[in-house]
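Notes follow once the structure below has been shown.
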């Protein structure tokens with residue numbers, strides 16, 4: 001029998017997530033300024049999109065995620081060694097982010113964050129992460145990632161011993 005380890009999600013903040021990537025959100029303390037005759041506030045340069053390896057190019061996608069039954073068992077992790085990958089929710093639902101540092105995978109280094117519907121993330125190249133974990137109902141995400149030459153997705157199957165506390 002596999003012993004389960006419960007991981008409690010913590011709030012997503014730029015400081016807490018910095019080792020894994022960028023938090024994409026309209027922050028007052030960030031680089032922002034008025035444009036379009038003052039009718040629009042531009043929150044500028046929110047993520048370091050990195051897709052140039054092996055003649056990469058930017059892909060803009062929409063992913064539609066179906067919530068998993070809770071409590072969620074972490075059965076897999078993936079990483080993109082040739083480029084970053086950004087997710088921005090398009091609806092009103094919060095969602096979960098499961099990450100581990102780039103490099104050799106260690107399940108003891110997994111962290112779980114809960115993001116609100118105004119926060120996106122940009123995973124640094126090579127950061128281990130779970131696929132989109134929608135909460136509440138089916139959710140769409142604008143996804144910016146890499147297209148081009150080379151295999152840009154490594155997937156690890158896990159033993160199911162890590163479980164996310166219900167949100």
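If you scan segment 1-36, which residues turn out to be in a helix (DSSP H, G or I) and within 22 Å of the chain's Cα centre (by Cα)?
Within segment 1-36, 14, 15, 16, 17 qualify.
Given the criterion in a strand (DSSP E or B), surrounded by fewer than 16 Cβ atoms within 10 Å (Cβ to Cβ), in contact with a helix residue (DSSP H, G or I) (Cβ under 9 Å, 6 or more places away or on another chain) and at pLDDT 95 or above, identify the matching residue among 162, 142, 158.
Being in a strand (DSSP E or B), surrounded by fewer than 16 Cβ atoms within 10 Å (Cβ to Cβ), in contact with a helix residue (DSSP H, G or I) (Cβ under 9 Å, 6 or more places away or on another chain) and at pLDDT 95 or above holds for just one of 162, 142, 158, which is 158.
Out of the residues in segment 103-120 that are part of a loop (DSSP other than H, G, I, E, B) and in contact (Cβ under 8 Å) with a residue 60 or more places away in the chain, state the one that is surrounded by the most Cβ atoms within 10 Å (Cβ to Cβ).
Once the filter is applied, the top-ranked residue is 119.
Among the residues that make up segment 57-79, is at least one of them more than 22 Å from residue 158 (Cα to Cα), in a loop (DSSP other than H, G, I, E, B) and either touching a strand residue (DSSP E or B) at 6+ places or on another chain (Cβ under 6 Å) or modelled with pLDDT of 95 or more (or both)?
No, there is no match, as no residue in segment 57-79 is more than 22 Å from residue 158 (Cα to Cα), in a loop (DSSP other than H, G, I, E, B) and either touching a strand residue (DSSP E or B) at 6+ places or on another chain (Cβ under 6 Å) or modelled with pLDDT of 95 or more (or both).
So is residue 136 farther than 26 Å from residue 71 by Cα and either part of a loop (DSSP other than H, G, I, E, B) or in contact with a helix residue (DSSP H, G or I) (Cβ under 6 Å, 6 or more places away or on another chain) (or both) or not?
Numbers: farther than 26 Å from residue 71 by Cα: no; either part of a loop (DSSP other than H, G, I, E, B) or in contact with a helix residue (DSSP H, G or I) (Cβ under 6 Å, 6 or more places away or on another chain) (or both): yes.
Considered against the rule, which asks whether it is farther than 26 Å from residue 71 by Cα and either part of a loop (DSSP other than H, G, I, E, B) or in contact with a helix residue (DSSP H, G or I) (Cβ under 6 Å, 6 or more places away or on another chain) (or both), residue 136 comes out as no.
Is it fair to say residue 151 is more than 14 Å from the chain's Cα centre (by Cα) and surrounded by fewer than 21 Cβ atoms within 10 Å (Cβ to Cβ)?
Yes: the conditions hold for residue 151.
Scan 41, 70 and give me the residue that is within 19 Å of residue 162 (Cβ to Cβ), out of contact with any helix residue (DSSP H, G or I) (no Cβ under 6 Å at 6 or more places or on another chain) and surrounded by fewer than 20 Cβ atoms within 10 Å (Cβ to Cβ).
70 is the lone residue from the list that is within 19 Å of residue 162 (Cβ to Cβ), out of contact with any helix residue (DSSP H, G or I) (no Cβ under 6 Å at 6 or more places or on another chain) and surrounded by fewer than 20 Cβ atoms within 10 Å (Cβ to Cβ).
The values are calculated or read from the model by the stated rules, or taken from the named source; none is laboratory data. None of these values were measured; they are calculated from a predicted model. Here Cβ is always computed from backbone atoms with ideal geometry, including for glycine, and neighbour counts include all displayed protein chains.
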